[in-house]
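I have placed the structure first, in the form of structure tokens, so that the comments after it can refer back to it.
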Amino acid sequence: MHAVFLVDKTNNVSKCGMGVIMPRTGLSKEEIIEKAAKLANEKGLSYLTVTTLSDYLGIKKPSLYNHVKTIDDVHRKLMIYGWKKVSEEVVAGIDSDDPKENIANFGRAFYKFAMENPGVFEAMLWYNKYLDESLLEATEGLYAFFFRQTDGMGIERDVANHLLRTYRAFLEGFVMLQIHNSFGNPISIDESLEISMNVLIAGMEQYRR
């Protein structure tokens, strides 16, 4: 008996009894990015290539190109994926009546998310919401959250934009140094984070109307 080969539109095949090869169920773009995120977190963003991702997914490279254009496209999608997670999930549940406590709680939650997702975090680093609409949409919830806090602190919106830039620079820089084991002093990292956020938030208060 000769084996029968059934090939799906993405050229993916899988073996099924009697030597017959049956079509593999297609992957959605969302599933591909979820898997890419997992691989980047496990191995590092630099490990992520079209070859390593297609191997990880168990599909051929031409099939992957049906969903993504280049590895840079994957990195961009991971950037959007990460910031949407932060904007929609990390912010969720931060609802103290004290805006200063909300800003501090976000810093703690962002740090935790980034340390648990180092590969995705690295893709998020070069985010610029002005590049295109999809990047802006990914962080709408986050911007709204931050400005609610600064409004509650009585800070003008134009000043709040500068403070947001400062806070982002601190959080991303702190996480990046920690991920790369650049804090050699054995004193508590968590305490350093708390002290730094307290200093930043105290500084923000100086800009009340």
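Any read-out appearing in this document is the output of simple, stated calculations on the displayed coordinates, not a laboratory observation. On a predicted model such as this, the values are computed, not experimentally measured, just so you know. Every residue, glycine as well, gets a Cβ built from its backbone with ideal geometry; the counts of neighbours run over all protein chains shown.
Given the Cα-Cα distance of L135 and R148 and 0.36 nm per residue of separation, how much length would full extension add, in nm?
Details: separation 13, 0.36 × 13 = 4.68 nm, distance 2.06 nm.
2.6 nm is the gain from fully extending L135 to R148.
Taking only DSSP H segments of four or more residues, each worth -39500 (n - 2.57), what value at 222 nm results for the chain once the sum is divided by all its residues, to the nearest 500 deg cm²/dmol?
About -19000 deg cm²/dmol.
Tell me, what is the FRET efficiency for K43 and W126 to the nearest 0.05, using R0 = 22 angstrom and their Cβ-Cβ distance as r?
0.65
What size of dipole, in debye to the nearest 20, comes out for the chain about its Cα centre when the only charges are +1 on Lys and Arg C-beta atoms and -1 on Asp and Glu C-beta atoms?
Details: 24 positive and 28 negative charges, 188 e Å.
The dipole of the chain has a size of about 900 debye.
Please report the relative contact order for the chain, taking Cα pairs under 8 Å with a sequence separation of at least 6, and give it as a percent rounded to a whole number. Mind dumping the intermediate values first?
Values: 197 pairs, mean separation 37.8, N = 209.
Over the chain, the number comes to 18 percent.
Mind giving me the nanometre distance, one decimal, between the label points for D55 and R165, set 7 Å out from Cα along Cα→Cβ?
Distance between label points: 4.3 nm.
Quick one: Debye curve from the alpha-carbon atoms of region 72-205 only, equal weights, vacuum; give me log10 I(q)/I(0) at q = 0.21 Å⁻¹ to two decimals.
One equal scatterer on each Cα of region 72-205 leads to -1.39.
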